[in-house]
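Just so it is clear, none of the values below were taken in a lab; they were calculated from the coordinates. Given the structure is predicted, the values throughout are model-derived calculations rather than measurements. Note that each Cβ is placed from the backbone with ideal geometry, even for glycine, and that neighbours are counted across all protein chains shown.
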Amino acid sequence: MKEIRIHGRGGQGSVVTAELLAIAAFKEGLFSQAFPYLGGGGERRGAPVQAYCRIDIKPIRLKCQIAEPNFLIIQDASLLGVVDVFKGLQPGSLILINSVESVQDMGLDKLEYKIFCFPATEVALKVLHKPIMNTAMIGAFAVLSGDINLECLQEAIEHKFPGQIGLKNIDVMKEAFQLAQERFGRRLV
């Protein structure tokens, strides 16, 4: 089972990120679930929030928070000094951080994880002209994890956001997917 924990701030779309990954996995023929954790004031814009997604080839019976994820998506790098985002993370886990800085610049190169920085906000600004980066993060994550294909991500976004908003977010996701392929290649973890 792939267990993904998503860290962000209220208003950044962390819950939507988890939902879109779960919908895309389902469209891929996998079992999936997504849910938020908003405790401790997370419902306020800007407050730290967590969301979770599980993906498996068999039915998922767990109904609890993810304490030991093997994938981590950090939508806001400023959380690294505020929240213990690495708590419970398994050695060798994949981490995707929304940042223009490198892993070395962030001082994370000595950790025993596979850490990738990706400029998701910049991709969103280029395409949407707004810093709404969650669909860019999904595109990059799909490349790194190798779990979900581009068509299923597109269908998930169309399902969640029909119309013009969905089409713009699909453009963001595709731009991020292409950039991530150029930067990272396709990683099967």
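About the centre of its Cα atoms, the chain shows a dipole size close to 320 debye [charges on the beta carbon of Lys, Arg (+1) and Asp, Glu (-1) only; nearest 20 debye]. In straight-distance terms, cross-link reach from Lys174 covers every one of the lysines whose alpha-carbon lies under 28 Å from its own, apart from those fewer than eight places away in the same chain; here that gives Lys2, Lys27, Lys114, Lys126, Lys130, Lys160.
Listed peptides 102-115, 2-15, 165-178 appear in the order 2-15, 165-178, 102-115 once ranked by packing, highest mean of other Cβ atoms within 10 Å at the front.
Each other residue within a Cβ distance under 13 Å of Thr121 adds +1 if Lys or Arg and -1 if Asp or Glu, for a net charge of -1. Quick one: grab the alpha carbon gyration tensor of the stretch 56-189, order the square roots of its eigenvalues as a ≥ b ≥ c, and give me rounded if a/c is under 1.5, else prolate or oblate depending on whether a/b is larger than b/c. Oblate shape, in that a/c is at least 1.5 and b/c is the bigger or equal ratio.
Taking trypsin sites (Lys or Arg not before Pro) across the stretch 15-84, the ones in a DSSP loop with at most 13 further Cβ atoms lying within 10 angstrom of their Cβ are Arg44, Arg45, Arg61, Lys63. Backbone phi angles across the stretch 147-163, fed through the Karplus curve with coefficients 6.51, -1.76 and 1.60 (θ = phi - 60°), yield HN-Hα couplings of 8, 10, 8, 4, 5, 5, 5, 4, 4, 5, 5, 4, 5, 6, 10, x, x Hz in residue order; Gly and Pro are listed as x. A helix-only calculation puts the chain at -11500 deg cm²/dmol for mean residue ellipticity at 222 nm, using -39500 (n - 2.57) for each DSSP H run of at least four residues, averaged over all residues. One chain, two ends: Glu151 and Gln181. Fully extended at 0.36 nm per residue, the span grows by 9.3 nm beyond their Cα-Cα distance. The string of couplings for the stretch 82-92 from the Karplus curve (6.51, -1.76, 1.60, θ = phi - 60°) is 10, 10, 7, 5, 8, 4, x, 5, 6, x, x Hz, one whole number per residue in order, with x for Gly and Pro.
Residues whose amide H lies under 5 Å from that of Val49, counting only those 5 or more places away or on a different chain, are Gly8, Arg9, Gly10; hydrogens are built 1.01 Å from N in the peptide plane. Between Leu62 and Gln164, the C-beta separation translates, for a Förster distance of 45 Å, into a calculated FRET efficiency of about 0.75.
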